[in-house]
Amino acid sequence: MKTLIIHFSQTGNTLRMADRIRDGIVERTGRCDVMAMRDVEAGSLEDYDLIGFGTPVFYFQEPFHVRDFLKALPDQKGKHWFLFGTHGSMWGTMFLSMADILKGKEAEVVGYHHNYADAFLQFYPYPFVTTGHPDEKEIEETRAFGREIPEVSRRIAEGDRSLIPQPVSCPDLWKWVAQGFSPEVLSQLLPPLEIDLDRCTECGLCQENCPVQGIDIESNPRRLQDPCVYCTYCITVCPTCAIGGDIIDLMAALAPEFAKHYIRNLENAAAEGKFEWKIDPASIDFSDNLFRQRERKLKNRP
């Protein structure tokens with residue numbers, strides 16, 4: 001069985017997950033390729049028997065450019081896929097949506113796996129609710145998923161349809177929220193990002209790390225958020241905190257209310273034995289978000 005794992009990963013959590021799934025698959029089959037989504041041509045997948053796709057959750061759904069990649073796939077002619085992802089407390093509609101797109105491409109989704117993962121969003125304090133995840137137990141569960149998925153695929157191919165799983169569901173509230181966070185709505189809701197030209201060193205990290213090539217620091221005027229998937233990763237990677245604007249204050253003001261929902265979900269998961277707190281959520285200081293922490297370090301740098 002020839003297997004490919006495709007991933008979109010920003011902070012490294014999803015890539016780490018992809019690597020552990022690969023380790024498990026290799027134990028079973030002896031080979032598994034791993035590629036970043038940006039390096040994959042949608043029409044070059046015919047040689048693989050089993051394909052995995054991993055991504056973080058953005059706005060309670062798969063990132064918009066991930067959705068575009070899947071929609072651009074050719075007919076999969078019954079090929080087996082599995083889906084995995086990382087999230088900060090809830091996976092939202094990601095699996096439902098991706099599975100629906102793949103079904104429309106005549107693919108068969110034969111497995112799902114997700115991990116809680118540390119987040120580095122500039123609007124939230126650090127540490128935050130899932131800091132310390134994935135832990136060793138979750139990493140081992142991910143490797144075990146990799147060991148299992150080739151056998152599941154084989155048995156389904158041989159006719160055992162009872163092994164085909166249903167997409168991981170989510171509460172109706174988060175389906176409604178995800179539907180409301182379309183690119184068009186986000187472009188209206190979120191203040192545009194700004195570049196502080198006095199701070200910018202033209203290092204190029206924002207441009208290099210934009211997942212949709214939406215930044216050009218050499219153009220005049222500089223191109224920013226054209227296009228954009230609203231990941232705000234450019235804020236995170238800028239070493240001088242030169243990218244920001246009103247979006248920082250707006251999202252920081254909303255953070256405590258969002259966190260109430262995250263904490264409630266995680267408390268429920270902990271009660272079911274599916275999550276372990278690594279920090280005390282009562283210790284989170286919402287007055288000191290990650291962006292402010294980074295600015296303070298810059299100011300105090302010799």
- State the number of residues belonging to segment 48-93 that are of a type in the set (Asp, Glu), in contact (Cβ under 8 Å) with a residue 24 or more places away in the chain and either assigned to a helix (DSSP H, G or I) or surrounded by fewer than 21 Cβ atoms within 10 Å (Cβ to Cβ) (or both). 2
- Note on the structure: Only one of (1) assigned to a loop (DSSP other than H, G, I, E, B); (2) modelled with pLDDT under 95 does not apply to Pro211, and that is (2)
- Note on the structure: Of the residues in segment 101-112, those that are under 18 Å from the mean Cα position of the chain (by Cα) and over 17 Å from Ser153 (Cβ atoms) come to Ile101
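Has segment 70-87 got any residue that is of a type in the set (A, V, I, L, M), more than 16 Å from the chain's Cα centre (by Cα), in the same structural domain as Met17 (by TED's automatic domain parsing) and within 19 Å of Leu15 (Cβ to Cβ)?
Within segment 70-87, none of the residues are of a type in the set (A, V, I, L, M), more than 16 Å from the chain's Cα centre (by Cα), in the same structural domain as Met17 (by TED's automatic domain parsing) and within 19 Å of Leu15 (Cβ to Cβ).
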- Test for Phe123: is it of a type outside the set (Gly, Ala, Ser), modelled with pLDDT under 95, in contact with a helix residue (DSSP H, G or I) (Cβ under 6 Å, 6 or more places away or on another chain) and closer than 26 Å to Cys234 by Cα: yes
- Please enumerate the residues belonging to segment 166-193 that are of a type outside the set (A, V, I, L, M), at pLDDT below 95 and either touching a Gly at 6+ places or on another chain (Cβ under 8 Å) or not in a helix (DSSP H, G or I) (or both). Gln166, Pro167, Ser169, Cys170, Pro171, Trp174, Lys175, Phe181, Ser182
- Item | Counted residues, segment 122-162 - those being surrounded by fewer than 21 Cβ atoms within 10 Å (Cβ to Cβ) and among the polar types (S, T, N, Q) | 2
- Before we move on, is Ala259 touching a residue at least 12 places away in the same chain (Cβ under 8 Å) and either in contact with a Gly (Cβ under 9 Å, 6 or more places away or on another chain) or closer than 29 Å to Asn300 by Cα (or both)? no
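The values are calculated or read from the model by the stated rules, or taken from the named source; none is laboratory data. The structure presented is a predicted model; accordingly, all values stated were derived computationally and were not measured. Methodologically, a virtual Cβ is constructed for each residue, glycine included, from the backbone with ideal geometry; neighbour enumeration extends over all protein chains shown.
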